[in-house]
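Step one of this worksheet: look at the structure below.
The values are calculated or read from the model by the stated rules, or taken from the named source; none is laboratory data. Quantities reported herein were computed from a predicted structural model and do not represent experimental measurements. We place every Cβ from the backbone using ideal geometry, glycine too, and count neighbours over all the protein chains shown. Areas reflect the complete protein model, heavy atoms only, side chains present, ligands, DNA and RNA absent. Shrake-Rupley method; radii C 1.70, N 1.55, O 1.52, S 1.80 Å.
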Amino acid sequence: MFTTENTSYIKEKGKVSFSAPSNIALVKYWGKHGVQLPQNASLSFTLSNCKTITTISYVRKEKKSNDFDFQFLFEGNPKPSFEPKINTFFERIYEYCPFLKDFSFVIDSQNTFPHSSGIASSASGMAAMAQCLVTIEKELGSELNEEQLIQKASFLARLGSGSACRSLEGPVTVWGAHENIGGSSDQYAVKVPFEIHEVFKNYQDTVLLVDKGEKQVSSTVGHNLMHGHPFAKQRFQQANDNLTELAEVMQSGDMDRFIHIVESEALTLHSMMMTSSPYFILMKPETLEVINHIWQFRRESNIPVCFTLDAGANVHVLYPESFKEDVLSFINNQLVRYCQNKQYICDVIGTGVQSL
Ligand code: DP6
């Protein structure tokens with residue numbers, strides 16, 4: 001699937017530019033097998049403001065060589081420390097993008113969110129790069145239609161970083177074959193095949209930057225610890241069951257069930273870390289303070305605000321747009337004190353990659 005063998009190109013050079021957002025999983029991907037294949041299906045909100053903007057210029061090499069020729073610029077400056085990662089990515093996707101050895105590339109990337117905010121840029125970065133690459137392939141003469149292009153971009157992004165495959169489209173995507181999600185696949189993510197309830201339109205995600213440091217344990221290491229994990233089998237089944245229920249809830253708008261599934265998924269993800277061998281904890285004391293405050297605020301105000309976590313200490317506060325004012329004043333009054341330098345990022349669900 002997705003392999004192409006074309007070596008006659010209709011263009012010698014060009015330039016493409018795309019932005020791709022980050023995403024936040026509600027049903028978590030934690031555990032993989034084979035070449036970046038998920039052990040369970042996951043579902044995420046695609047975000048809008050936290051994104052990577054990537055421009056790739058390409059020019060045909062005078063002579064085909066057997067290595068990749070590219071330069072990586074981060075915010076306009078050469079960043080050679082990133083190049084091994086990209087080289088590995090290119091090696092992995094070469095069989096699907098054979099033009100990679102026929103052209104020289106300059107890849108220029110920047111993020112809209114602050115450096116070292118603890119927000120992973122791999123999802124948005126890989127999604128933006130993958131979308132640029134399939135667009136180049138199209139410019140060079142490939143015959144993929146729009147739907148195949150976006151699927152291939154998601155497929156390539158997945159090979160860079162699993163969760164990245166969910167960032168191409170929005171507002172809600174699923175990655176991983178799941179019996180109740182038509183068209184779903186382990187190879188790439190798809191948009192959910194149903195209308196989401198109005199309450200989720202413009203759903204807000206305010207990311208509280210509790211800990212902006214480098215993660216002590218990378219996601220890749222964490223995923224690997226699910227091999228031989230004592231609760232792995234139940235966990236993968238539970239995630240698939242939660243996805244079935246969440247898909248219903250996202251159509252009915254039942255906020256109590258929504259909150260229950262989303263928070264349970266976040267805490268289960270961290271429970272898997274705490275019960276791995278070796279075990280580890282990515283939450284900080286401030287993470288727990290924030291969670292307790294959210295629970296108390298929800299009880300007292302009846303506002304359907306909830307949290308989720310990714311593989312770190314930061315807290316994503318999720319709520320309907322109609323409660324934005326109340327929740328932001330709650331955050332400012334009670335939660336910013338737990339954020340490093342009082343920083344948080346306001347985001348909202350969005351639609352995926354955009355051509356620039
Ligand atoms: C906790 O996609 O970063 O955010 O495939 O090794 O690159 P790799 O892992 P990555 O893992 C993300 C894990 C998560 C949950 C999620 O986004 O589903």
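Starting from the Kirkwood Rh over alpha-carbon pairs, what translational D in µm² s⁻¹ does segment 132-227 have by Stokes-Einstein at 20 °C and 1.002 mPa s?
Working: Rh = 15.8 Å.
The calculation lands on 135 µm²/s.
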Please give the contour-minus-distance gain from residue 179 to residue 217: 0.36 nm per residue of separation, less the Cα-Cα distance, rounded to one decimal in nm. 10.4 nm
In the chain, whole DSSP H helices that both stretch 18 Å or further along their axis by alpha carbon positions and average at least -0.5 on the Kyte-Doolittle scale are 122-139, 146-160, 255-274
Tell me, what is the FRET efficiency for residue 254 and residue 3 to the nearest 0.05, using R0 = 51 angstrom and their Cβ-Cβ distance as r? 0.70
The chain: spread of alpha-carbon positions along the three principal axes, whole Å, largest first, is 68, 43, 42
Points 7 angstrom from Cα along the Cβ direction at residue 63 and residue 37: gap in nanometres? 4.1
Among segment 46-86, those whose backbone N falls under 13 Å of a label point 7 Å along Cα→Cβ from residue 112 are 47-54
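Hey, could you grab the Kirkwood Rh for segment 267-356? Inverse mean 1/r over distinct alpha carbon pairs, Å, one decimal. Intermediate results must be reported in sequence, preceding the final value.
Values: mean 1/r = 0.0682 Å⁻¹.
Over segment 267-356, the inverse of the mean reciprocal pair distance is 14.7 Å.
In square angstrom, what is the accessible area per residue of the chain with a 1.4 angstrom probe?
Working: 15600 Å² over 356 residues.
Result: 44 Å² of accessible area for each residue.
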Quick one: Cα centre-to-centre distance for segment 261-337 and segment 52-122, in angstrom? 35
Considering the alpha-carbon set of segment 1-137 alone, what are its Rg and its Dmax in angstrom? 16.0, 48
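Determine the share of the chain's accessible area contributed by carbon and sulfur atoms, expressed in whole percent, with a 1.4 angstrom probe.
Working: 7490 of 15600 Å².
With neighbouring chains kept in place, the figure for the chain is 48 percent.
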What is the magnitude of the charge dipole of the chain about its Cα centre, with +1 placed on the Cβ of each Lys and Arg, -1 on the Cβ of each Asp and Glu, and no other charges, expressed in debye to the nearest 20? 820
As a Kirkwood estimate from alpha-carbon pairs, segment 204-356 has a hydrodynamic radius in angstrom of 16.7
Hey, rough spin-label estimate for residue 245 and residue 267, points 7 angstrom out along Cα→Cβ, what's it come to in nanometres? 1.3
Go ahead and collect, in residue order, the members of segment 149-179 whose backbone nitrogen is under 17 Å from a label point 7 Å along the Cα-Cβ direction of residue 10. 149
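Note down the relative contact order for the chain as a percent, whole number, built from C-alpha pairs under 8 angstrom at least six residues apart. All intermediate terms of the calculation are to be shown ahead of the outcome.
Numbers: 732 pairs, mean separation 84.6, N = 356.
Worked out over the chain, it gives 24 percent.
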How much FRET efficiency would the formula 1/(1 + (r/R0)^6) give for residue 292 and residue 227, where r is the Cβ-Cβ distance and R0 is 35 Å, rounded to 0.05? 0.55
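Would you calculate the volume per residue, in Å³, of the smallest convex hull containing every Cα atom of segment 63-109?
On the way: hull volume 3.4 nm³, N = 47.
That works out to 72 Å³ per residue.
Tell me the mean residue ellipticity at 222 nm calculated for the chain from its helices only (DSSP H runs of n ≥ 4, each -39500 (n - 2.57), averaged over every residue, nearest 500).
-10500 deg cm²/dmol
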